[in-house]
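The values are calculated or read from the model by the stated rules, or taken from the named source; none is laboratory data. Here the structure is a predicted model, which means the values were calculated and not measured. Virtual Cβ from ideal backbone geometry, glycine too; neighbours counted across all protein chains shown. Just the protein is used for accessible areas: all its heavy atoms, side chains included, with ligands, DNA and RNA removed. Shrake-Rupley method; radii C 1.70, N 1.55, O 1.52, S 1.80 Å.
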Amino acid sequence: MAVEKWNDEKFDAEIGSQQLIVIDFGATWCGPCKKLHPIMADLSQEYEGKLRVVEIDVADAPKVAQKYGVFSVPQLIFFRAGERLATINGLQAKGKIAEQIDRLLV
């Protein structure tokens with residue numbers, strides 16, 4: 001499954017899903033964000049059918065970024081049924097992100 005790209009409206013329409021959603025908040029000017037995108041694309045394929053991976057550029061979704069306190073990027077926020085379950089700040093290794101996913105999929 002490909003990484004989805006959302007804005008404020010798409011977030012409001014989709015965030016209530018019962019499936020685990022990992023949102024990768026970033027920005028076009030953010031170097032670490034560009035390094036995180038391929039990691040998240042790999043995880044999207046490895047966990048296909050178990051979760052959705054979404055990229056949100058904070059410039060395209062300022063309301064969502066403000067609502068969830070995204071003041072630095074990259075930042076991953078994990079949701080299920082509209083509820084924030086966990087957050088990972090900054091560029092992290094693929095294994096650390098996968099560990100968090102595995103904890104939340106149980």
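Once every Cα of the chain carries one equal point scatterer and solvent is ignored, give the base-10 log of I(q)/I(0) from the Debye formula at q = 0.13, 0.14, 0.16, 0.23 Å⁻¹, two decimals. So the normalised log intensities work out to -0.39, -0.46, -0.61, -1.41.
This model, with +1 at the C-beta of Lys and Arg and -1 at the C-beta of Asp and Glu, gives segment 1-72 a dipole about its Cα centre of some 180 debye.
For the pair R103 and W29, a Förster radius of 35 Å applied to the C-beta separation gives a FRET efficiency near 0.65, rounded to the nearest 0.05.
Which loop-located GluC sites (Glu not before Pro) does segment 8-83 contain, where loop means any DSSP state but H, G, I, E or B and the Cβ has at most 13 other Cβ atoms within 10 Å? In loop regions of segment 8-83 (DSSP not H, G, I, E or B), the sparsely surrounded GluC sites (Glu not before Pro) are E48. Counting only protein heavy atoms and a probe of 1.4 Å, the accessible surface of segment 1-100 is 51% carbon and sulfur.
One Cα centroid belongs to segment 18-48, the other to segment 58-106; the line between them spans 9 Å.
The residue list G90, A13, W29 was ranked by how far each Cα lies along the charge dipole of the chain toward its positive end, using unit charges on Cβ atoms, and G90 comes out on top. If you take all other residues with their beta carbon under 13 Å from the beta carbon of H37, and give Lys and Arg +1 and Asp and Glu -1, the sum is -1.
When DSSP beta bridges are restricted to pairs lying wholly in the chain, around 50% turn out antiparallel. Over segment 3-106, accessible surface divided per residue gives 52 Å², non-protein components excluded, 1.4 Å probe. Computed 3J(HN,Hα) for segment 33-47, one whole-Hz value per residue from the Karplus formula 6.51 cos²θ - 1.76 cosθ + 1.60 where θ = phi - 60°, is 4, 5, 6, 6, 4, x, 4, 5, 5, 4, 5, 4, 6, 5, 10, glycine and proline marked x. Taking chymotrypsin sites (Phe, Trp or Tyr not before Pro) as exposed when DSSP calls them loop and at most 14 other C-beta atoms lie within 10 angstrom, the chain has its longest site-free stretch at 30-70. In this structure, Q45 and D8 have a Cβ-Cβ separation that, at R0 = 35 Å, corresponds to a calculated FRET efficiency of about 0.85.
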